[in-house]
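Colleague: Provided herewith is a single structure, encoded as structure tokens, for subsequent inquiry.
Read the figures in this text as sums done on the coordinates, not as results from a lab. Only a predicted model underlies this, so the values are computations on that prediction, with no experimental measurement involved. We place every Cβ from the backbone using ideal geometry, glycine too, and count neighbours over all the protein chains shown.
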Amino acid sequence: MNQSIYAAGKLVARGIFFCTMRVRQLRPEIAEQAGGYVLALTHQGHLDPFCSATLIRRRMRWLTRKEFYKHRLLGWLLDRSGAIKVNRQGTSAGAIRRAVELARAGEVIGICPEGGTVCGGEAVFRGGAIKRGVCSIAIRAGVPIVPCVMLGTHALSRVKPWLPFKHARLWVAYGRPINPPEAKSTRATRDALAKKLSEAFKNLYREANATFGFDDSDWP
């Protein structure tokens, strides 16, 4: 990872956020905890990882679909920001191994366990499916999973929210860390951890809505 490029990019991003975004967060200190962990982030908009990496002060390593590397400039930036390329159509064993190594070394691994942008009943906080890669990384690395529900990113694909004077809104809730079992990564252990994570997402979503004054109908 080119740390100077990462630091410069985060500085620019935080400047943009300062001018455009109003953010409310629940338990943001959890994301700043020391040591390696896996941040499991909801995915209602394409900019969720960007927003998360901007808000969390710690350096992050995001698992990123290889399709984003087709754009030369974006691929260059992703490489130098330390992203981990994932092939969703084939095997992602190499990406999992790399993520495990980095998590064991004390870094933060970012992943959207829904596998892509989802809405409605497919959203993980409404009981949608969770891909097991997040569980495999946590179990093999022996690090906790921090669930994070991010709301409002579905509206950030338009120009207006990014204009100055804080038109954009973002609500973020961090759940308490979920420790993996002290066992090998097997289908049974991954399924058991995924069940715990799924319940944590649903509970966190209900808490976020109650805290921020929303209900389920306010989100796609």
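Colleague: Please give the contour-minus-distance gain from R27 to K70: 0.36 nm per residue of separation, less the Cα-Cα distance, rounded to one decimal in nm.
Modeller: 11.9 nm
Colleague: Once you order the gyration tensor axes a ≥ b ≥ c over the Cα atoms, which shape class does segment 23-65 get: rounded for a/c under 1.5, otherwise prolate or oblate by comparing a/b with b/c?
Modeller: oblate
Colleague: Sort out for me the Cα centre separation of segment 89-151 from segment 186-202, rounded to whole Å.
Modeller: Distance between centres, Cα-based: 11 Å.
Colleague: If you don't mind, another one. Quick one: order E101, E182 by neighbouring beta-carbon count within 10 Å, fewest to most.
Modeller: Ranked by crowding around the Cβ, least crowded first: E182, E101.
Colleague: Between E182 and A210, what FRET efficiency follows from the Cβ-Cβ distance if R0 is 25 Å, with the result rounded to 0.05?
Modeller: Rounded to the nearest 0.05, the efficiency is 0.15.
Colleague: In a GNM of the chain with a 10 Å cut-off on Cα contacts, which of A53, A34, A129 has the highest mean-square fluctuation?
Modeller: Result for the chain, Cα springs under 10 Å: A34 fluctuates most.
Colleague: A further question on this structure: Using only C-alpha positions, report the orientation-averaged shadow area of the convex hull of the chain, nm², one decimal. The partial results should precede the final answer.
Modeller: Working: hull surface 46.6 nm².
Dividing the Cα hull surface by four gives the mean projection, 11.6 nm².
Colleague: With springs only between Cα atoms under 10 Å apart, run a GNM on the chain and tell me which of M21, M150, M60 wobbles the most.
Modeller: M21
Colleague: When the chain is treated as a GNM, springs tying every alpha-carbon pair under 10 Å, which of A93, A138, A208 comes out with the largest mean-square fluctuation?
Modeller: Maximum fluctuation in the GNM of the chain, among the listed residues, is at A93.
Colleague: For E122, E107, E32, what's the fewest-to-most ordering of other Cβ within 10 Å of each Cβ?
Modeller: E32, E122, E107
Colleague: Going by C-beta contacts inside 10 Å, put L102, L26 in order with the fewest on the left.
Modeller: Lowest count first: L26, L102.
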